[in-house]
Amino acid sequence: MIKWKTFAIGCSLALALLLIAQHKPSMPDPNVYRAVIDLTHNVNNHSPNWEGSEQSPFQAKELGNIERDGYYSRVFTTEEHYGTHLDAPAHFAKGMWTVDQIPVERLVRPLVVLDVRSKARSNPDYEIGVQDIADWESAHGEIPTGGVVMAYTGWDERWNSQKEFRNVGSDHLSHYPGFSLEAVKFLVKTRSVVGLGIDTMSVDIGASTTFPVHLFTSNQSVYHLENVANLGLVPPSGAMVVVAPIKLEGGSGGPARVMALVK
Ligand SMILES: [Zn+2]
């Protein structure tokens, strides 16, 4: 009797486990990744800012200190688009997801890194084109469906100088590389990418005044990661990205901790 009961319980358990296994979303197995790479710059008051102002948009003030209060704490203010940050689709498209509304499944995805440093070095206005994607695919295979594609332009070497990072020319426009609209349309329409990333301040080129990539992607529910760091430490293919933006209700974006799990 007891044996039969045990057998029945065992069978039910096995069935339940089988059902769970079948319905489990394909999440990265931590055992197959050898390292976690931090793709995030520190948040401080001396990072380049969009406006190029001397006064940093980030300020932190001490509230409590150990000697006086027995604990340490601060209050801080920042722009949503400062440091390594996420642009939610609501940033350029009314009614689309704000940062808190982006489904978490979209924040853990296969990561593709397009190394365009050699082109960006000779042309700061370089626009990543369909050919760059074709070159990546001929070396590594098709870009995984539903992934996040990041451009490694080498621009983060300039991070410690606002002047060099913004690179404003005599035309009063910034000059740094970005994605072309054509390449982004290809990535979104044929590879269903859910996010774009770059190590500059914008997924559009610095000299853009109309932001065609921002407008297109926002309307397609695609988010951006800007001012990404350390892309040189991530292989072009095979990594997973973990994107952890602040869950700021109604936010157009916000500071994000971005990590790559590498094999
Ligand atoms: Zn932004």
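The values are calculated or read from the model by the stated rules, or taken from the named source; none is laboratory data. Source: prediction; values computed, not measured. Neighbour counts run over all protein chains shown; Cβ positions are idealised from the backbone, glycine included. Side chains included, ligands, DNA and RNA excluded: accessible areas come from the protein's heavy atoms. Shrake-Rupley method; radii C 1.70, N 1.55, O 1.52, S 1.80 Å.
Residue-by-condition table, conditions (1) assigned to a loop (DSSP other than H, G, I, E, B); (2) open to solvent by 30 Å² or more (accessible area, probe 1.4 Å):
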| position | (1), (2) |
| --- | --- |
| A134 | no, yes |
| S138 | no, yes |
| E142 | yes, yes |
| T145 | yes, yes |
| A151 | no, no |
| E157 | no, yes |
| E164 | no, yes |
| D171 | yes, yes |
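Can you find, within region 57-76, the residue that is nearest to M259 (Cα to Cα) among those that are part of a loop (DSSP other than H, G, I, E, B) and away from the ligand (no atom under 16 Å from the Cβ)? Explain how you work it out, then say what you get.
Within region 57-76, the first condition is being part of a loop (DSSP other than H, G, I, E, B), and the residues that meet it are 57-58, 65, 70-72.
Those still in the list that are away from the ligand (no atom under 16 Å from the Cβ) too: 65, 70-72.
Values: N65: 31, G70: 33, Y71: 30, Y72: 27 Å.
Taking the candidates together, the pick is Y72.
Here are some residues: L107, L114. Which one is touching an Asp or Glu at 6+ places or on another chain (Cβ under 8 Å), surrounded by 12 or more Cβ atoms within 10 Å (Cβ to Cβ) and either under 29 Å from P177 (Cα atoms) or hydroxyl-bearing (S, T, Y) (or both)? If you could, list the steps in order and put the result at the bottom.
Values: L107 fails: touching an Asp or Glu at 6+ places or on another chain (Cβ under 8 Å).
It is L114.
Answer yes if at least one residue in region 191-199 is within 16 Å of the ligand (Cβ to nearest atom) and open to solvent by 20 Å² or more (accessible area, probe 1.4 Å), and no otherwise.
Filtering region 191-199 for residues within 16 Å of the ligand (Cβ to nearest atom) gives 195-199.
Adding the requirement that they be open to solvent by 20 Å² or more (accessible area, probe 1.4 Å) leaves none.
Checked against the condition, which is being within 16 Å of the ligand (Cβ to nearest atom) and open to solvent by 20 Å² or more (accessible area, probe 1.4 Å), region 191-199 yields no hits at all.
I want to confirm something. Restricting to region 75-99 and keeping residues that are within 18 Å of S47 (Cα to Cα) and hydroxyl-bearing (S, T, Y), which single residue is most open to solvent (accessible area, probe 1.4 Å)?
Per the criteria, the residue is T77.
In the set D100, D132, D156, which member is within 19 Å of T200 (Cα to Cα) and under 17 Å from the mean Cα position of the chain (by Cα)? Give the steps one after another, and end with the answer.
Working: D100 fails: within 19 Å of T200 (Cα to Cα); D132 fails: under 17 Å from the mean Cα position of the chain (by Cα).
Answer to the selection: D156.
Taking S180, is it closer than 20 Å to S122 by Cα, modelled with pLDDT of 95 or more and of a type in the set (S, T, Y)? Write out each step before concluding.
Working: closer than 20 Å to S122 by Cα: yes; modelled with pLDDT of 95 or more: yes; of a type in the set (S, T, Y): yes.
When the stated conditions are applied, S180 passes them.
Residues in region 63-74: is at least one open to solvent by less than 60 Å² (accessible area, probe 1.4 Å), under 26 Å from E157 (Cα atoms) and not acidic (D, E)?
Scanning region 63-74 turns up no residue that is open to solvent by less than 60 Å² (accessible area, probe 1.4 Å), under 26 Å from E157 (Cα atoms) and not acidic (D, E).
Checking the structure you have, find out if any residue of region 175-188 is open to solvent by less than 10 Å² (accessible area, probe 1.4 Å), more than 16 Å from the ligand (Cβ to nearest atom) and in a strand (DSSP E or B).
The answer is no; no qualifying residue exists.
How about region 215-263: which of its residues are aliphatic (A, V, I, L, M), outside any strand (DSSP E or B) and within 16 Å of the ligand (Cβ to nearest atom)?
Filtering region 215-263 for residues aliphatic (A, V, I, L, M) gives 215, 222, 225, 228-229, 231, 233-234, 239-244, 246, 248, 256, 258-262.
Retained after the next criterion (residues that are outside any strand (DSSP E or B)): 215, 222, 228-229, 231, 233-234, 246, 248.
Residues satisfying the conditions are L215, V222, V228, A229, I246, L248.
State the number of residues belonging to region 205-215 that are open to solvent by less than 30 Å² (accessible area, probe 1.4 Å) and out of contact with any Asp or Glu (no Cβ under 9 Å at 6 or more places or on another chain).
1
Quick check on region 190-211. Is at least one of its residues over 30 Å from K94 (Cα atoms) and either hydrophobic (A, V, I, L, M, F, W, C) or part of a strand (DSSP E or B) (or both)? Spell out the reasoning first.
Taking region 190-211 as the starting set, the residues that turn out to be over 30 Å from K94 (Cα atoms) are none.
Taking every residue of region 190-211 in turn, none turns out to be over 30 Å from K94 (Cα atoms) and either hydrophobic (A, V, I, L, M, F, W, C) or part of a strand (DSSP E or B) (or both).
Being more than 16 Å from the ligand (Cβ to nearest atom), open to solvent by 70 Å² or more (accessible area, probe 1.4 Å) and in contact with a helix residue (DSSP H, G or I) (Cβ under 8 Å, 6 or more places away or on another chain) is the requirement here; does E127 meet it? Let's see the steps before the verdict.
Numbers: more than 16 Å from the ligand (Cβ to nearest atom): yes; open to solvent by 70 Å² or more (accessible area, probe 1.4 Å): yes; in contact with a helix residue (DSSP H, G or I) (Cβ under 8 Å, 6 or more places away or on another chain): yes.
It is true that E127 is more than 16 Å from the ligand (Cβ to nearest atom), open to solvent by 70 Å² or more (accessible area, probe 1.4 Å) and in contact with a helix residue (DSSP H, G or I) (Cβ under 8 Å, 6 or more places away or on another chain).
Restricting to region 68-96, what's the tally of residues that are out of contact with any Phe, Trp or Tyr (no Cβ under 8 Å at 6 or more places or on another chain) and not aliphatic (A, V, I, L, M)? Outline the logic, then answer.
Pass one, region 68-96, residues out of contact with any Phe, Trp or Tyr (no Cβ under 8 Å at 6 or more places or on another chain): 68-75, 80, 84-85, 91, 93-96.
Pick out the ones that are also not aliphatic (A, V, I, L, M) and you get 68-74, 80, 84-85, 91, 94-95.
Going through region 68-96 one residue at a time, the tally reaches 13.
With respect to A35, determine if the residue is in contact (Cβ under 8 Å) with a residue 60 or more places away in the chain and under 17 Å from the mean Cα position of the chain (by Cα). Walk me through how you get there before you give the answer.
Numbers: in contact (Cβ under 8 Å) with a residue 60 or more places away in the chain: yes; under 17 Å from the mean Cα position of the chain (by Cα): no.
It is false that A35 is in contact (Cβ under 8 Å) with a residue 60 or more places away in the chain and under 17 Å from the mean Cα position of the chain (by Cα).
Yes/no per residue for (1) free of Cβ contacts under 8 Å to residues at least 12 places away in the same chain; (2) not β-branched (V, I, T):
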position: I128; (1), (2): no, no
position: D135; (1), (2): yes, yes
position: M150; (1), (2): no, yes
position: G154; (1), (2): no, yes
position: R166; (1), (2): no, yes
position: K189; (1), (2): yes, yes
position: L196; (1), (2): no, yes
position: M201; (1), (2): no, yes
